[in-house]
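Notes follow the structure.
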Amino acid sequence: MNEKIETIKKLSKDIGILYVEDNQGLSKNMQTLLSRIFDNVYIAYNGEDGYNEYIKHKPKIVITDVNMPIMSGFEMIKKIKALELECKIIILSAYDEKEDLYKALELGVFSYLHKPAKAPELVDAIYNATVAIQKEENSRIFLNQLQNIFNYQNNIVIMMHEDKFVLVNQRFNEFFGVESIDEFKKEHGDIDKLLLEHKEFLYTTPSFKWIDIAIKNPGKLFHTKIQNYKGEKRHLILKLREIPQKDKHYILSFDDVTELNLMTLFDANASKNDETSKDKASILALLKVIKDNSAEIRLHNFYKGLTIINPAVLINIDEESFSLKTVNTQLKVVQITRFMTITSEIFPKDVVCKSIKNVDSDNQIIVIDDFAFASRSAADRKYTRLEPDADHGCTLYYKNIKFPGETHIVDISEVSVKIKIDALPAGIEIGTTVKVAIFLKLKGKPMSFITLGKVYRIDENKYDYNIVLLYELDKKNLNNIREYLSNRQIELIREFKSTDINSLS
């Protein structure tokens, strides 16, 4: 009990207590007890005096009798509750009638004790009331701080129930030039028509509403183009979050990234040499949006053509580089290849990391400082292209003449093959048709095919050339190459898992 009394003393510095009792002897004894605990103790001898004392001092706890002259305890409680619903009322009554208990419940009385109450019982009731007041005060402060954050952060923030706006912050009002959500609804109805069409952006179409897509993908980042009250078309990143334990309630935040000048990157007709695609600052700014929204990115690597993809989280972003954390499998392939591609739903294009600054295996962190937007997406690869095993061969024929130089398959798929040659035969150029004979092993048995291929690309290296041939295989050879690629994938997975990173350093 002493411990609880000490707690009450600590928490009650700003809490006054009113005791209302028509028996002056009891009142005097209680005043002596309460004064040892509370700094501010107020005494009244009937309901009317008690109500007047309450109005005068606004104590947060009231202990009262029920049956008193002039005004009963219940009448006083009703009037106090009309002024302050959160006031903690403790009843001390010699009566134990059900009607009194029901009245106390209806009026929201905090505690109901029988006279004469024992000291521990009374202390428990006062302790519980004091703790409850403290919790309510902490919640009030917390909610006030949340309200300030809600209203004065740079993002537009909206609370929705189903597809209706319930609450908006000050930034929303400023963006749309309104004083309140009611004024916005009166002027615009909803935000649908303000979400403008833009390739790969979120907006309402005849087939679906923007909000339905956002609700189906909570936590996903969407690009939007919205017109503000000045008629300016702004680029904003949208994220929708579900509110826990509140069915069909959502929080939407819109982050304005217009100043990054990224909207043209989503235009398929934009110049391939657009300087923005080389702008590291734009990529770093987008990464910051992803980090601020606690969203994931995905890392893509190829080990001899084998695709390895895993999620990653951003750890740090500065003016020249960024660091991220990912799983050990991805760390391993990054250490081998020293190259990777990063994707995110808010990137206009994939980000190619041309080299890796540092790999910290112990902390699972990768640091990147050389990166740019890719000209092609990691998702563009329609067919699996794998590096064949060492026991393979190929021969090129041009105009039925065998190419005499060395040839080596770099990678192969069911529709193409990339071949390394030490010299480029005269007459071979993009579009030229050549004959190629390919020799592989499927489950230890020889497998070969001869086909015509058209030169799709020629890459000149320092000491040799790579040529890519496109071909169409007949059904038998197509099935064989597909089976070979499936088996080769399994081999590469085993090879990758058994690779010792330390042996490569």
**Report entry** Residue satisfying condition, being outside any strand (DSSP E or B) and of a type outside the set (D, E), within set V66, V62
**Finding:** V66
Query raised in the report: Hey, any hits in the range 171-191 for a residue that's under 17 Å from the mean Cα position of the chain (by Cα), surrounded by 13 or more Cβ atoms within 10 Å (Cβ to Cβ), at pLDDT 85 or above and of a type in the set (V, I, T)?
Result: no
Report summary line: Inside the range 51-74, the number of residues satisfying the requirement of being of a type in the set (A, V, I, L, M), under 15 Å from Y19 (Cβ atoms) and open to solvent by 20 Å² or more (accessible area, probe 1.4 Å) is 1
**Report entry** All positions within the range 462-490 that are open to solvent by 60 Å² or more (accessible area, probe 1.4 Å), in contact (Cβ under 8 Å) with a residue 40 or more places away in the chain and not aromatic (F, W, Y)
**Finding:** L470, E472, R482, E483, Q489
Query - Condition met for I237 (closer than 30 Å to K291 by Cα, in a helix (DSSP H, G or I) and either open to solvent by less than 20 Å² (accessible area, probe 1.4 Å) or touching a residue at least 24 places away in the same chain (Cβ under 8 Å) (or both)) - result: no
Query raised in the report: If only one of E242, E232 is touching a His at 6+ places or on another chain (Cβ under 8 Å), free of Cβ contacts under 8 Å to residues at least 40 places away in the same chain and open to solvent by 40 Å² or more (accessible area, probe 1.4 Å), which one is it?
Result: E242
Requested in this report: All but one of (1) surrounded by 15 or more Cβ atoms within 10 Å (Cβ to Cβ); (2) without any contact (Cβ under 8 Å) to a residue 24 or more places away in the chain; (3) assigned to a loop (DSSP other than H, G, I, E, B) hold for P388, so report the exception by its number.
Outcome: (2)
Requested in this report: Please work out which residue is surrounded by the most Cβ atoms within 10 Å (Cβ to Cβ), limiting yourself to the range 392-436 and to residues that are among the small types (G, A, S) and under 17 Å from M447 (Cβ atoms).
Outcome: S413
Query raised in the report: Pick from the range 79-95 the residues that are touching a Lys or Arg at 6+ places or on another chain (Cβ under 9 Å), outside any loop (DSSP other than H, G, I, E, B) and under 28 Å from E137 (Cβ atoms): which of them is most open to solvent (accessible area, probe 1.4 Å)?
Result: L83
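The values are calculated or read from the model by the stated rules, or taken from the named source; none is laboratory data. The structure presented is a predicted model; accordingly, all values stated were derived computationally and were not measured. Using ideal geometry, Cβ is built from the backbone for each residue, glycine included, and neighbour counts are taken over all protein chains shown. Side chains are part of the model used for accessible areas, which takes the heavy atoms of the whole protein and leaves out ligands, DNA and RNA. Shrake-Rupley method; radii C 1.70, N 1.55, O 1.52, S 1.80 Å.
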